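Peer 1: Below is the structure I would like to discuss, written out as structure tokens.
The values are calculated or read from the model by the stated rules, or taken from the named source; none is laboratory data. Owing to the predicted nature of the structure, the values given are computational and were not obtained by experimental measurement. FYI the Cβ positions are ideal-geometry reconstructions off the backbone, even for glycines, and counts take in every protein chain you see.
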Amino acid sequence: MYYPINENTARLSHQMMSMSDYREGSTTAGYRAAVDEAAALVEQRKQKVSPFYHDKLDVLLDRYARRLAQWTNDHSRNGASCPSVLICGASNFPTRKKEKQNAREDTLWKEYNEIQGILDKIKSIGTGPIDPTDPHAREMLEDRLQRLQSTLDKGKAMNTHYRKHKTMKGFPGMTDETAAEMDEAISRAPAFAQTPFPDFALSSLRGKIKRTQENLSKLDSMERHKDDAANTLEFDGGRIVRNVEQNRLQIFFGSKPNEETRAALKSNGFRWSPKNQAWQRQLTRNAEDAARRALNLSDAAPAPAPEEQAEPAVLEAAGADSFLQYSIPGA
């Protein structure tokens, strides 16, 4: 989706800076070309990531198109605010106005770099940890597990072939040219790595396989416990809900909490969700400890340990009995 570009301001900005004629529609065309490139990038990402991320990609594309249009119009407006000395001459040149224009120009280019950063966000969508709320999470984890296991098996087979023949030539599916390049790379490697897949590479693969298997088990646990009665904890004035499907710990109040409670929630990492009408943060054991501190549900809440993310990260699903650890006054 394109947003409107003010061609009149763009034309005036050009006339303030150049003796050449303005090519009608050129600013709009440049803007639309940039949006088209971003749209092509989004389509490329959609081909590679789960449909779970497609809406987010569309939102980022719209944000890029909207902000770039705003920036383009602001840049034209600033360019039209003061002429170049080459256009109006040095006599009575508005130096102070030109200084303000230059300062605004610097700010605008900083904003432009921020807008281009949206493209980096688009590129990164779907490349990080797998979101456990993604309905395709199991499919993606199982695919990752299969690829890792296949790589491990191939690495072990290559090592066996190299130990036996002292060359990669003759390895199934490998051309003589590729084998020669690999032989050369192996010969130049340090002594501890003179093999197609060194021990450290195999260990890394085994670690990733183990973590992926653990995350599949966590998905199973989340599915088993999503309807547990222990996922809800009542307290005076509200309730805490372990929303497994959304991977969020949510706090619901019967009425708007006072300023002190809101400040405590914010300082403990909770944010208000208008959509869910709840204070929430990612579902982890640390989140439950934070909720206990924020609501004074225990007099001696320990400081939270740094949260860990596995790689690939399906965030830790809290055990079904976690809420039983709370010490609730009057309970």
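Peer 1: Let me confirm something: among A90, A65, which residue is of a type in the set (G, A, S) and at pLDDT 95 or above?
Peer 2: A65
Peer 1: Restricting attention to the stretch 198-231, which residues are modelled with pLDDT of 75 or more and farther than 19 Å from L141 by Cα?
Peer 2: Of everything in the stretch 198-231, those that are modelled with pLDDT of 75 or more and farther than 19 Å from L141 by Cα turn out to be P198, D199, F200, A201, L202, S203.
Peer 1: Also, quick follow-up: If you scan the stretch 155-182, which residues turn out to be surrounded by 16 or more Cβ atoms within 10 Å (Cβ to Cβ) and in a helix (DSSP H, G or I)?
Peer 2: If the condition is that a residue be surrounded by 16 or more Cβ atoms within 10 Å (Cβ to Cβ) and in a helix (DSSP H, G or I), then G155, M158, N159, H161, Y162, A179, M182 are the ones that fit.
Peer 1: Shifting gears a bit: On the basis of being within 20 Å of P132 (Cα to Cα) and assigned by TED's automatic domain parsing to the domain that holds N286, does R239 make the cut?
Peer 2: Considered against the rule, which asks whether it is within 20 Å of P132 (Cα to Cα) and assigned by TED's automatic domain parsing to the domain that holds N286, R239 comes out as no.
Peer 1: Identify all residues within the stretch 31-45 that are in contact (Cβ under 8 Å) with a residue 12 or more places away in the chain, surrounded by fewer than 20 Cβ atoms within 10 Å (Cβ to Cβ) and farther than 18 Å from K123 by Cα; write none if there are none.
Peer 2: Within the stretch 31-45, R32 is the sole residue that qualifies.
Peer 1: Return a yes/no flag: does the stretch 46-62 have any residue that is closer than 18 Å to I5 by Cα, among the charged types (D, E, K, R) and surrounded by fewer than 18 Cβ atoms within 10 Å (Cβ to Cβ).
Peer 2: Yes.
Matching residues to (1) under 22 Å from Q282 (Cβ atoms); (2) surrounded by fewer than 12 Cβ atoms within 10 Å (Cβ to Cβ); (3) aliphatic (A, V, I, L, M); (4) touching a residue at least 12 places away in the same chain (Cβ under 8 Å):
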position: I186; (1), (2), (3), (4): no, no, yes, yes
position: F200; (1), (2), (3), (4): no, yes, no, no
position: L216; (1), (2), (3), (4): yes, no, yes, yes
position: V244; (1), (2), (3), (4): yes, no, yes, yes
position: N258; (1), (2), (3), (4): no, yes, no, no
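Peer 1: Could you pull out the residue among D58, D62, D21, D36 that is in a loop (DSSP other than H, G, I, E, B) and of a type in the set (D, E)?
Peer 2: D21
Peer 1: Separate question: Residue check: is T151 assigned to a loop (DSSP other than H, G, I, E, B), over 30 Å from R67 (Cβ atoms) and not assigned by TED's automatic domain parsing to the domain that holds A34?
Peer 2: No.
Peer 1: Going residue by residue through the stretch 63-76, is there one that turns out to be over 16 Å from Y2 (Cα atoms), touching a residue at least 40 places away in the same chain (Cβ under 8 Å) and not charged (D, E, K, R)?
Peer 2: yes
Peer 1: Sticking with this structure for a sec: Within the bounds of the stretch 86-103, is there any residue that is out of contact with any strand residue (DSSP E or B) (no Cβ under 9 Å at 6 or more places or on another chain), in the same structural domain as R188 (by TED's automatic domain parsing) and of a type in the set (S, T, N, Q)?
Peer 2: Checked the stretch 86-103: no residue is out of contact with any strand residue (DSSP E or B) (no Cβ under 9 Å at 6 or more places or on another chain), in the same structural domain as R188 (by TED's automatic domain parsing) and of a type in the set (S, T, N, Q).
Peer 1: Which residue out of M1, M16 is touching a Pro at 6+ places or on another chain (Cβ under 9 Å), at pLDDT below 95 and farther than 27 Å from I130 by Cα?
Peer 2: Residue meeting the stated conditions: M16.
Peer 1: Any residue in the stretch 70-78 that is closer than 22 Å to I122 by Cβ and buried (at least 16 other Cβ atoms within 10 Å of the Cβ)?
Peer 2: Yes, the stretch 70-78 contains at least one residue that is closer than 22 Å to I122 by Cβ and buried (at least 16 other Cβ atoms within 10 Å of the Cβ).
Condition check ((1) part of a loop (DSSP other than H, G, I, E, B); (2) in contact with a Cys (Cβ under 7 Å, 6 or more places away or on another chain); (3) within 30 Å of H136 (Cβ to Cβ); (4) modelled with pLDDT of 90 or more) across all residues:
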| position | (1), (2), (3), (4) |
| --- | --- |
| F252 | no, no, yes, yes |
| P257 | yes, no, no, yes |
| T261 | no, no, no, yes |
| W279 | no, no, yes, yes |
| D289 | no, no, no, no |
| N296 | yes, no, no, no |
